[in-house]
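The values are calculated or read from the model by the stated rules, or taken from the named source; none is laboratory data. Source: prediction; values computed, not measured. Heads up, the Cβs are rebuilt from the backbone with ideal geometry, glycines too, and the neighbour counts pull from every protein chain shown.
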Amino acid sequence: MTTRTAILEKAAELLARSPSGEISTRAVCEAAGVTQPVLYRHFGDKDGLLAAVADQVWGEYLASKRAAGHSADPLDDLRAGWDNHTAFALRHPHAYRLVFASTLATRPAAMAEAMGLLEDVLQRLASQGRLRMPAADAARIVMAANSGVALGLILRPESYPDATASASTRDAVLRSLVVDGVPPSDPVSAAATTVAARLGTSEAFTPAERDLLAEWLQRLV
């Protein structure tokens, strides 16, 4: 085990056991058996350490999402992804807050990958003509809603006594984004979104042509 890994593991253990989510670099150094200059040499400062801890804890969750196979219906994957996200937040509240509710100068990288995986699922829905807007826009809405309810459950559990709060929010958000067996109110917009979603995998156009067509389609969305 490398020194960096040892520091990360001890920091993650201390973070998980902390009642408040606060840990000191001194405590981490004592637990890992290193001096503070060694810690700072590997992570720069405390924010760098906490960002790395968040990425390590999130890494296990994101690895499971990367390894998960696609179901026949991307909407099922989207629902499962929401539920897994909320469950992870409740299992690792302090690491979750480091990504979604902290002012760290060094930002964890986990958020970018989580958004990318979410957008991939939404892109599959868009390619089927079932998304009311571009996948990137829908991903921002879903992530904001999912993280918002997860933080509410962590920080204000007394305000969410009903265990179905996350599922209810999920269903309301997805109803607003997904065309599922109901004709879209704007069929032109839905068609433009579907074509735009498929441009990235099409070899029928040059890159310049794809960019131009994407710009035209965006005006119809």
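Kindly evaluate A95 against the criterion of being of a type outside the set (S, T, N, Q) and surrounded by 16 or more Cβ atoms within 10 Å (Cβ to Cβ).
Considered against the rule, which asks whether it is of a type outside the set (S, T, N, Q) and surrounded by 16 or more Cβ atoms within 10 Å (Cβ to Cβ), A95 comes out as yes.
Kindly indicate whether any position in region 124-133 is touching a Gly at 6+ places or on another chain (Cβ under 7 Å) and either outside the structural domain of P19 (by TED's automatic domain parsing) or at pLDDT 95 or above (or both).
no
Return yes or no: is G48 under 25 Å from the mean Cα position of the chain (by Cα) and on the phi > 0 side of the Ramachandran plot?
So G48 fails the test.
Would you be able to say whether some residue in region 65-83 is in contact (Cβ under 8 Å) with a residue 12 or more places away in the chain and either among the hydroxyl-bearing types (S, T, Y) or at positive phi (or both)?
No, region 65-83 contains no residue that is in contact (Cβ under 8 Å) with a residue 12 or more places away in the chain and either among the hydroxyl-bearing types (S, T, Y) or at positive phi (or both).
Which residue out of A208, A196, A163 is out of contact with any helix residue (DSSP H, G or I) (no Cβ under 7 Å at 6 or more places or on another chain), modelled with pLDDT under 90 and not assigned by TED's automatic domain parsing to the domain that holds A89?
Selected residue: A208, the only one of A208, A196, A163 that is out of contact with any helix residue (DSSP H, G or I) (no Cβ under 7 Å at 6 or more places or on another chain), modelled with pLDDT under 90 and not assigned by TED's automatic domain parsing to the domain that holds A89.
Quick test of your reading of the structure: P19 fulfils all but one of (1) at pLDDT below 95; (2) outside the structural domain of E119 (by TED's automatic domain parsing); (3) surrounded by 18 or more Cβ atoms within 10 Å (Cβ to Cβ). Name the failing condition by number.
Every condition holds for P19 apart from (3).
The conditions are (1) farther than 20 Å from S168 by Cβ; (2) free of Cβ contacts under 8 Å to residues at least 40 places away in the same chain, and L125 fails exactly one of them. Which is it?
Every condition holds for L125 apart from (2).
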